[in-house]
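Note sheet for the following structure.
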Amino acid sequence: MFLPLPDDFHAHLRQGELMPGYVRDLVAQFGRAIIMPNTVPAMTSAKAIADYKKQILEAAAPVRPDFEPLMTFKLNPNYTEQDLKDMMAVGVVAGKYYPAGVTTNSQDGISDFEAVFPVVAMMEKLGLVLCVHGEEPGEFCLDREPAFIKRVETLAEKFPKLRIVFEHLSSAKSVEAVKRLPANVAATFTVHHLMMTLDDIVGDALRPHHFCKPLPKRPEDRKAIREAAFSGNPKFFLGTDSAPHQQGKKECPCGAAGVYSAPVAIPLLVQEFDRADALDKLPNFIAGFGADFYHLPRTTKQIEVVKESWTVPAVVNGVVPLAAGQTLEWKLK
């Protein structure tokens, strides 16, 4: 079966000597990806972003020389319009809103919601997308995403021409909110939120490699996510939030949040859409609706997947991937 070469509208590649392996895992399945800016140091300048993009392209070249990294910057109140223009000139398509302290490397995130409004207004003017990690700091862990809906509603009302992506939805309330909000608000789903509930993290045993932010929630939340993904609604598209952490960083007293899905994302998605009798909806989910929302041309390239059993490795590039050790029904040819 041939599919359009997928786009990943939310990916983490880290920095340093481990990054090339993570890049190769990603580009084996994706032709474009939104690259998250919560690195250390963070992506906050045109020079840093240009250097990072160059490193990514060099790492991708042996596997997919035509890979296109879509760059982002980490939102703060201090940018000028010229800063934004300079970052756009080196390939930035979006800015990322991280509430303070809610996820990996977000200690320097936003604690004053309205303080960033002047920068957001400039983004609206320049046509940049605003990507939002939607969790309200200080709320009970399962309520953080629903509590953030009011922030997205405010942004959509105050900046009606700003394209907003409510990322990695994990709750039925957020799915319903995106459905009723105006057309300038869309959302991404991850592979792991399509598949998991909180039971898969702390049900019968503690599974640290499933621990992520936002947390997978109740069965009814997963049901809402799956129904939306399989529905063909153009507001919903793929953003894997694939987030590599070395095995020791997960299996420790204070494990890092993140699921590494890059090595298995497309085979798992084909399997899930196939089981839901929704394979006809998969092409737009992985390579259509997201491109449209970001005002990118749809890909004309393809990949082939075949129905053939294979076992996911226990460890890939030092990271335990999603579905490690499991036998999957579909694989990339």
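Each reported figure results from applying straightforward, stated rules to the coordinates on display, with no laboratory input. Only a predicted model underlies this, so the values are computations on that prediction, with no experimental measurement involved. Virtual Cβ from ideal backbone geometry, glycine too; neighbours counted across all protein chains shown.
So how strong a dipole does the chain carry about its Cα centre when Lys and Arg Cβ are +1 and Asp and Glu Cβ are -1, to the nearest 20 debye?
Details: 37 positive and 40 negative charges, 76 e Å.
Rounded to the nearest 20 debye, it is 360 debye.
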(request) Using a/c under 1.5 as the rounded threshold, could you call segment 242-333 rounded, prolate or oblate? The axes a ≥ b ≥ c are square roots of the C-alpha gyration tensor eigenvalues, and prolate needs a/b larger than b/c, oblate otherwise. (result) oblate
(request) Specify which labelled value, from (1) 124; (2) 150; (3) 161, agrees with volume of the Cα convex hull per residue in Å³ derived from the coordinates of the model shown. (result) (1)
(request) Return the sequence-ordered ³J(HN,Hα) values of segment 322-333 in whole Hz as given by the Karplus equation 6.51 cos²θ - 1.76 cosθ + 1.60 applied to θ = phi - 60°, using x for Gly and Pro. (result) 4, 6, 3, x, 8, 9, 9, 8, 10, 8, 6, 6
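Could you tell me which of rounded, prolate or oblate describes segment 45-202, using a ≥ b ≥ c as the square roots of the eigenvalues of the alpha-carbon gyration tensor, with rounded for a/c under 1.5 and, failing that, prolate when a/b is larger than b/c and oblate otherwise? Spell out each step's value before the answer.
On the way: a/c = 1.72, a/b = 1.23, b/c = 1.40.
Note, shape of segment 45-202 comes out oblate.
Going by C-beta contacts inside 10 Å, put Ser45, Ser261, Ser174, Ser242 in order with the fewest on the left. Spell out each step's value before the answer.
Working: Ser45 16, Ser261 28, Ser174 24, Ser242 31.
The order, fewest Cβ neighbours first, is Ser45, Ser174, Ser261, Ser242.
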(request) With a point put 7 Å past each Cα toward its Cβ, work out how far Phe117 is from Ala183 in nm, to one decimal. (result) 2.7
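Using only helices, what value at 222 nm comes out for the chain when you add -39,500 (n - 2.57) per DSSP H run of length 4 or more and divide by the total residues, to the nearest 500 deg cm²/dmol?
Details: 13 runs with 115 residues, N = 333.
So the calculated ellipticity at 222 nm is -9500 deg cm²/dmol.
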(message) For Arg32, what residues show an amide H to amide H distance below 5 Å, using hydrogens built from the backbone and excluding near sequence neighbours?
(response) Asp8, Glu68
(request) Work out from phi, with θ = phi - 60° and the Karplus expression 6.51 cos²θ - 1.76 cosθ + 1.60, the ³J(HN,Hα) of each residue of segment 110-123, listed in order in whole Hz, and give x for Gly and Pro. (result) 7, 10, 10, 3, 6, 5, 8, 4, x, 5, 4, 4, 5, 4
(message) List residues of segment 213-237, by number, whose backbone nitrogen lies under 20 Å from a label position 7 Å along Cα→C-beta of Gln107.
(response) 213
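Work out, step by step, the length gained on full extension between Glu176 and Asn78: first 0.36 nm times the residue separation, then minus their alpha carbon distance; give nm to one decimal. Please report the intermediate quantities before stating the final value.
On the way: separation 98, 0.36 × 98 = 35.28 nm, distance 3.32 nm.
Stretched out fully, the Glu176 to Asn78 stretch lengthens by 32.0 nm.
Can you tell me, using C-alpha contacts under 8 Å and at least 6 residues apart, the relative contact order of segment 2-332 as a whole percent? Mind dumping the intermediate values first?
Values: 660 pairs, mean separation 58.2, N = 331.
After rounding, I find 18 percent.
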(request) May I ask you to evaluate 6.51 cos²θ - 1.76 cosθ + 1.60, the Karplus curve with θ = phi - 60°, for each residue of segment 315-320 and list the ³J(HN,Hα) values in order in whole Hz, giving x for glycine and proline? (result) 9, 10, 6, x, 10, 7
